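Here is the structure we will look at.
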Amino acid sequence: MDKPVSSNLRFGEAPKAERPLWQSIRRGLFCRCPSCGEGRLFKAFLKPVDSCAHCGEAMHHQRADDLPPYLVILVLGHVVIGGYMAQDQIMPLSLLATFALWTPVTIVVALLSIQPIKGAVIGLQWALRMHGFSGIEEQPEHP
(Lines give C-alpha, C1' and ligand atoms only; values in the text may rest on other atoms or scores of the structure.)
Protein backbone atom coordinates (compact mmCIF):
# COMPACT_ATOMS: atom_id res chain seq x y z
CA MET A 1 0.00 0.00 0.00
CA ASP A 2 1.36 3.43 -0.91
CA LYS A 3 1.96 6.10 1.70
CA PRO A 4 -0.67 8.85 1.63
CA VAL A 5 0.44 12.15 0.13
CA SER A 6 0.60 15.02 2.60
CA SER A 7 -2.63 17.00 2.68
CA ASN A 8 -0.87 20.34 3.16
CA LEU A 9 0.41 20.44 -0.43
CA ARG A 10 -0.77 23.22 -2.70
CA PHE A 11 -2.46 22.40 -5.99
CA GLY A 12 0.12 21.31 -8.58
CA GLU A 13 2.92 21.15 -5.99
CA ALA A 14 5.12 18.07 -5.90
CA PRO A 15 5.66 16.27 -2.57
CA LYS A 16 8.82 17.42 -0.83
CA ALA A 17 11.71 15.08 -0.12
CA GLU A 18 12.12 14.11 3.52
CA ARG A 19 14.81 15.95 5.47
CA PRO A 20 15.83 14.02 8.61
CA LEU A 21 16.13 16.48 11.48
CA TRP A 22 18.81 14.81 13.64
CA GLN A 23 20.93 13.78 10.67
CA SER A 24 20.90 17.38 9.39
CA ILE A 25 21.84 18.77 12.81
CA ARG A 26 24.62 16.18 13.19
CA ARG A 27 26.02 17.04 9.75
CA GLY A 28 25.97 20.72 10.71
CA LEU A 29 27.78 19.95 13.98
CA PHE A 30 30.58 18.40 11.92
CA CYS A 31 30.57 21.53 9.68
CA ARG A 32 29.30 19.59 6.66
CA CYS A 33 26.48 20.36 4.25
CA PRO A 34 23.17 19.33 5.87
CA SER A 35 21.89 18.09 2.52
CA CYS A 36 24.66 15.73 1.37
CA GLY A 37 27.04 15.56 4.33
CA GLU A 38 30.04 15.84 2.01
CA GLY A 39 30.63 19.52 1.21
CA ARG A 40 32.12 22.01 3.63
CA LEU A 41 29.66 24.31 5.39
CA PHE A 42 32.05 27.18 6.14
CA LYS A 43 34.46 29.09 3.90
CA ALA A 44 35.89 31.04 6.86
CA PHE A 45 35.65 30.61 10.64
CA LEU A 46 32.00 31.70 10.90
CA LYS A 47 31.21 32.56 7.26
CA PRO A 48 29.04 29.89 5.61
CA VAL A 49 29.53 29.01 1.95
CA ASP A 50 27.04 30.42 -0.55
CA SER A 51 26.34 26.93 -1.89
CA CYS A 52 27.65 23.43 -1.30
CA ALA A 53 30.59 22.56 -3.57
CA HIS A 54 29.51 18.90 -3.63
CA CYS A 55 25.72 18.95 -4.16
CA GLY A 56 25.05 22.59 -5.04
CA GLU A 57 22.53 23.20 -2.20
CA ALA A 58 22.16 26.97 -1.70
CA MET A 59 23.22 28.16 1.77
CA HIS A 60 23.30 31.92 1.16
CA HIS A 61 19.87 32.52 2.68
CA GLN A 62 20.58 30.92 6.08
CA ARG A 63 19.90 33.14 9.07
CA ALA A 64 21.87 31.64 11.94
CA ASP A 65 22.66 35.00 13.50
CA ASP A 66 21.66 35.20 17.16
CA LEU A 67 20.92 31.64 18.28
CA PRO A 68 24.49 30.24 18.10
CA PRO A 69 26.00 32.77 20.55
CA TYR A 70 23.15 32.16 23.01
CA LEU A 71 23.72 28.42 22.82
CA VAL A 72 27.48 28.92 23.29
CA ILE A 73 26.77 30.97 26.41
CA LEU A 74 24.55 28.14 27.68
CA VAL A 75 27.23 25.50 27.04
CA LEU A 76 30.00 27.73 28.35
CA GLY A 77 28.11 28.53 31.54
CA HIS A 78 27.64 24.86 32.33
CA VAL A 79 31.26 23.93 31.57
CA VAL A 80 32.92 26.85 33.34
CA ILE A 81 30.65 27.13 36.38
CA GLY A 82 30.49 23.35 36.85
CA GLY A 83 34.25 23.06 36.42
CA TYR A 84 34.95 25.94 38.75
CA MET A 85 32.67 24.55 41.44
CA ALA A 86 34.26 21.08 41.18
CA GLN A 87 37.77 22.55 41.21
CA ASP A 88 36.94 24.70 44.24
CA GLN A 89 35.67 21.65 46.17
CA ILE A 90 38.70 19.52 45.30
CA MET A 91 41.46 22.11 45.42
CA PRO A 92 40.64 25.70 46.46
CA LEU A 93 42.89 28.22 44.71
CA SER A 94 43.58 31.90 45.24
CA LEU A 95 41.52 34.38 43.25
CA LEU A 96 44.46 35.12 40.92
CA ALA A 97 45.13 31.42 40.27
CA THR A 98 41.42 30.80 39.64
CA PHE A 99 41.34 33.67 37.15
CA ALA A 100 44.51 32.42 35.45
CA LEU A 101 43.02 28.93 35.10
CA TRP A 102 39.42 29.64 34.08
CA THR A 103 39.92 32.60 31.73
CA PRO A 104 41.78 30.55 29.08
CA VAL A 105 39.36 27.63 29.55
CA THR A 106 36.44 30.00 28.92
CA ILE A 107 38.03 31.46 25.77
CA VAL A 108 39.02 28.06 24.36
CA VAL A 109 35.60 26.48 24.97
CA ALA A 110 33.86 29.48 23.36
CA LEU A 111 36.09 29.38 20.28
CA LEU A 112 35.86 25.60 19.88
CA SER A 113 32.07 25.46 20.23
CA ILE A 114 30.81 28.45 18.19
CA GLN A 115 31.40 27.00 14.70
CA PRO A 116 29.87 23.54 15.31
CA ILE A 117 26.89 25.11 17.06
CA LYS A 118 26.35 27.54 14.17
CA GLY A 119 26.59 24.59 11.76
CA ALA A 120 23.97 22.70 13.79
CA VAL A 121 21.63 25.71 13.66
CA ILE A 122 22.06 25.90 9.87
CA GLY A 123 21.32 22.16 9.70
CA LEU A 124 18.19 22.72 11.80
CA GLN A 125 17.02 25.51 9.50
CA TRP A 126 17.64 23.33 6.44
CA ALA A 127 15.76 20.34 7.88
CA LEU A 128 12.77 22.48 8.88
CA ARG A 129 12.81 24.35 5.52
CA MET A 130 13.22 27.71 7.24
CA HIS A 131 14.50 31.01 5.81
CA GLY A 132 14.55 30.17 2.11
CA PHE A 133 15.49 26.49 2.44
CA SER A 134 11.95 25.57 1.37
CA GLY A 135 12.55 26.62 -2.23
CA ILE A 136 9.70 29.12 -2.03
CA GLU A 137 10.70 32.77 -2.36
CA GLU A 138 9.91 34.56 0.89
CA GLN A 139 8.31 37.98 0.67
CA PRO A 140 9.14 40.52 3.41
CA GLU A 141 6.18 41.57 5.51
CA HIS A 142 5.24 45.24 5.32
CA PRO A 143 3.21 46.85 8.10
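The values are calculated or read from the model by the stated rules, or taken from the named source; none is laboratory data. It should be emphasised that the depicted structure is a prediction, and the values quoted were computed from it without experimental measurement. Here the Cβ positions follow ideal geometry from the backbone for every residue, glycine too, while neighbour counts run over all protein chains shown. What goes into the accessible areas is simple: the full protein's heavy atoms, side chains included, and nothing from ligands, DNA or RNA. Shrake-Rupley method; radii C 1.70, N 1.55, O 1.52, S 1.80 Å.
Were the residues from I81 through H61 laid out at 0.36 nm apart, the gain over their Cα-Cα distance would be 3.6 nm.
The modelled label-to-label distance for the pair L128/A100, using points 7 Å beyond Cα in the direction of Cβ, is 4.5 nm. In this rough spin-label picture, where each label sits 7 Å from Cα along the Cβ direction, the L93-V108 distance is 1.1 nm.
Taken per residue, the accessible surface of segment 72-141 reaches 63 Å², heavy atoms only and a 1.4 Å probe. What does the net charge come to around K118 if you take all other residues with beta carbon closer than 14 Å to its beta carbon, with K and R at +1 and D and E at -1? Every neighbour counted, the sum reads +4.
Applying 1/(1 + (r/R0)^6) with R0 = 22 Å to the Cβ-Cβ distance of L46 and Y70 gives a FRET efficiency near 0.90. With contacts taken as Cα pairs under 8 Å and at least 6 residues apart, segment 29-143 reaches a relative contact order of 35 percent.
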